[in-house]
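Only the coordinates and a few stated rules stand behind these numbers; no lab work does. Everything numeric in this text was worked out from a predicted model, so none of it was measured. When we count neighbours, we look across all protein chains shown, and the Cβ atoms used for this are built from the backbone with ideal geometry, even at glycine.
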Amino acid sequence: MTEPQHHRNTGVTDRVAIVTGAGSGIGRATAIAMARAGTRVLGVGRRHEALQATAAHHPGIATHPADLRAPDAPAEVVRAAMQRWGRIDVLVNNAGATGMMPLAETDADRIAALFALNVTAPSLLAAAALPHLRGRGGTIVNVSSTYGHRPLPGAAHYAASKAAIEQLTRCWALELASEGVRVNAVAPGPTESEALSAAGLTEADAARIKEAEAARIPLGRRGEPDEVAQWVLRLADPGTTWLTGQVLTLDGGLELT
C-alpha cells in the first residue's frame, strides 16, 4: 500500500490571516509577503499611519488600528476579520516590545507592561481566534527571539517574556493537535526594525548597538525583515501539514555562539 500524497496547496487566495505589529519591521514584511502569496491580510497595530503605509504595498491588506492590551481588543480584531471575510486561517502574533531593564533597575510597572504586550495580548488574541481556526486546519505563528532561549544580560524580563512565548507555542501545539490546529514560532535574531528607536535610544546609540550586534553574528550582519517573513509564510502555509510545536531560530548563527 502506498503512502498518501500530500500535495502543496498553492491556491491560498481564499485564506485569511491576522498579522499583529503590521506597521513596521517583521510584521509589515509578513503582511506584504502573505498578501503577495494570495492570502487576505488584516494588519493590526497601534499606529494608523504606519498601517496605511503597509497596506499601500498590496490591495490584499486591510488595516485595523488597535492597542492589543485593551480589554476588548482581541474580540474586536477577530470580529473585524470575520465581518470582512467570514473566516480566519492564520494568526501571526508578532506585536511585541523590547526593553532593557537590569536587575538593579527592575520596576513592577515595566515588568507588567512588557508581559501585557509580549505574553498576555497574544494569548488572548489566540483564544479569541481559536473558534475560527478549528475545523479548517488553521495555524498560529508566534514571533519569539533568539533571546527566548539565549541569555540577554540587562534585559532579563524581555528575554523571559520571549521564553514564555516559546513555551506557549509548545503547549498550545500539543493542546490543539487533535483539532488540527498547528502552532509554531520563529525566533529572529537582531533584525532591521524600529525597535531600538522605539525603546528610547538615540540614533547614535542605536547605530552602536547595531554595529556590535552585527560583529557578534557569525554570518556578519543583522537580519532583514523579509528574511524572517519568508519563514513565517512557510510555517503558515497549508502545505506545511506535519510541523507543529517548533521554534525556528533565524539569527545568522548567533545562538550558536
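For this structure, a couple of remarks:
- Distant alpha-carbon pairs in the chain (separation over 31 angstrom), percent: 21
- Share, in percent, of DSSP beta bridges within the chain that are antiparallel, nearest 5: 0
- Across region 123-173, the fraction of Cα-Cα pairs farther apart than 19 Å, rounded to a whole number, is 36%.
- Among Thr139, Thr98, Thr202, residue whose mean-square fluctuation peaks in a GNM of the chain (springs only between Cα atoms under 10 Å): Thr202
- Cα-based helix-to-principal-axis angle, 203-216 vs the chain, degrees rounded to 10: 70
- For Glu224, Glu175, the sequence from fewest to most other C-beta atoms within 10 Å is Glu175, Glu224.
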